[in-house]
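Presented below is the structure to which this report refers.
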Amino acid sequence: MRSFMCWLAAGYVRLVRLTGRWRTDGGDLPAQYLAEGKPFIVAFWHQRLLMMPYTWRSVGGDHPFRMLISSHRDGEIISRTVAYFGIDTIAGSTGVGKGGAAALRQILKALKAGDVVGMTPDGPRGPRMRASDGVIQAARMAGVPIFPLTYSASSRKVFQSWDRFVLPLPFSRGVFDWGAPVFVDRKLDEAGLEAKRIELEDALTRLTQDTDSKLGLEPIPPAAPDELPKQKRSAMAAGDTGS
């Protein structure tokens, strides 16, 4: 049953792409990086996972692309689905613990080999559209930039899940949208790394909401302060976050 669900999901992604009118905005710089053999990290919110295989193909062609996907049951379904598009996955997350350390080692190994790695800074469990610092640490250690990435479709269903998952509908107008890269200096201290986390969070939210607005859609807001962990709520109250 799980295999059938993955096959069905991959078929739906193909249907949406083939029946829709899609364009790519802002893809020149990542395409240039790829042409020059420069690896980078792609960051996108969890709610925009579905069309990522085609978003990537809009600039990446056959260049190796790997996605960090959690190792729980839902993550396995996602991994099997994107495999239909030739995308390999790294199981785990960049959180604290042995699993996070193992995933980070695989990310750094892939980037060193010249691959591109996709990550959801708010995955796998949120809060919605609030970035963790894992992607910033990976970029710092690998010495590569982070490209914000999103997509939107004129006809869609937004689920009432924690991430407000976006399901594009067939025969839509769609946009694959790339943002300006975020660079993370290896010598940054904790305050500097936190500033970069906020910079990425703000840039990715702004890109995603602007892309929705291009198609006349109501932007999806990030998780409200009362939905955040206590520690992060305290930081926001103190004015330490910019979103």
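Of all residue pairs spaced 6 or more apart or on separate chains, those with beta-carbon atoms under 8 Å, a first member in segment 42-55 that is in contact (Cβ under 8 Å) with a residue 60 or more places away in the chain and more than 16 Å from TRP162 (Cβ to Cβ) and a second member that is of a type in the set (Lys, Arg) and surrounded by fewer than 24 Cβ atoms within 10 Å (Cβ to Cβ) are MET51/ARG17; TYR54/ARG17. Of the residues making up segment 98-105, one or more are surrounded by fewer than 20 Cβ atoms within 10 Å (Cβ to Cβ), modelled with pLDDT of 90 or more and of a type outside the set (Val, Ile, Thr). Considering the conditions (1) assigned to a helix (DSSP H, G or I); (2) modelled with pLDDT of 95 or more; (3) exposed (fewer than 14 other Cβ atoms within 10 Å of the Cβ), ASP202 is excluded by exactly one of them, (3).
The set of residues from segment 157-194 being without any contact (Cβ under 8 Å) to a residue 40 or more places away in the chain, within 15 Å of ASP133 (Cβ to Cβ) and either acidic (Asp, Glu) or exposed (fewer than 12 other Cβ atoms within 10 Å of the Cβ) (or both) comprises ASP189, GLU190, ALA191. Kindly check whether there is at least one residue in segment 31-39 that is assigned to a loop (DSSP other than H, G, I, E, B), more than 22 Å from VAL184 (Cα to Cα) and either in contact with a Phe, Trp or Tyr (Cβ under 7 Å, 6 or more places away or on another chain) or among the acidic types (Asp, Glu) (or both). Scanning segment 31-39, I find no residue that is assigned to a loop (DSSP other than H, G, I, E, B), more than 22 Å from VAL184 (Cα to Cα) and either in contact with a Phe, Trp or Tyr (Cβ under 7 Å, 6 or more places away or on another chain) or among the acidic types (Asp, Glu) (or both), so the answer is no. Only one entry in PRO53, PRO64 is in contact with a Phe, Trp or Tyr (Cβ under 8 Å, 6 or more places away or on another chain) and at pLDDT below 90, namely PRO53.
Taking (1) modelled with pLDDT of 90 or more; (2) more than 25 Å from ALA191 (Cβ to Cβ); (3) touching a strand residue (DSSP E or B) at 6+ places or on another chain (Cβ under 7 Å) in turn, ALA113 satisfies each apart from (3). The set of residues in segment 125-137 being part of a helix (DSSP H, G or I) and either touching a Gly at 6+ places or on another chain (Cβ under 6 Å) or under 22 Å from ARG206 (Cβ atoms) (or both) consists of GLY134, VAL135, ILE136.
For beta carbons closer than 6 Å, sequence separation of 6+ or different chains, a first residue in segment 5-21 that is in contact (Cβ under 8 Å) with a residue 60 or more places away in the chain and a second that is polar (S, T, N, Q) and open to solvent by less than 10 Å² (accessible area, probe 1.4 Å), the qualifying pairs are GLY20/SER172. Of the residues ARG125, ARG105, ARG80, the single one that is farther than 30 Å from ARG23 by Cβ and either among the acidic types (Asp, Glu) or over 15 Å from the mean Cα position of the chain (by Cα) (or both) is ARG105.
Which residue, of ASP122, ASP177, is among the acidic types (Asp, Glu), within 18 Å of GLN209 (Cα to Cα) and not in a loop (DSSP other than H, G, I, E, B)? Exactly one residue qualifies, and that residue is ASP177. Of the residues making up segment 60-82, those that are open to solvent by 60 Å² or more (accessible area, probe 1.4 Å) and assigned to a helix (DSSP H, G or I) are ARG73, ASP74, GLU76, ARG80. Across segment 5-27, the qualifying residues are those that are assigned to a helix (DSSP H, G or I) and of a type in the set (Val, Ile, Thr), and the one among them that is farthest from LEU215 (Cα to Cα) is VAL13.
For ALA35, the conditions (1) open to solvent by 70 Å² or more (accessible area, probe 1.4 Å); (2) touching a Gly at 6+ places or on another chain (Cβ under 9 Å); (3) of a type in the set (Gly, Ala, Ser) are fulfilled apart from (2).
The values are calculated or read from the model by the stated rules, or taken from the named source; none is laboratory data. In this text, all values refer to a predicted model and were calculated from it rather than measured experimentally. Quick reminder, even Gly has a Cβ in these numbers, built from the backbone with ideal geometry, and neighbours come from all protein chains shown. Note: areas computed on protein heavy atoms with side chains; ligands, DNA, RNA excluded. Shrake-Rupley method; radii C 1.70, N 1.55, O 1.52, S 1.80 Å.
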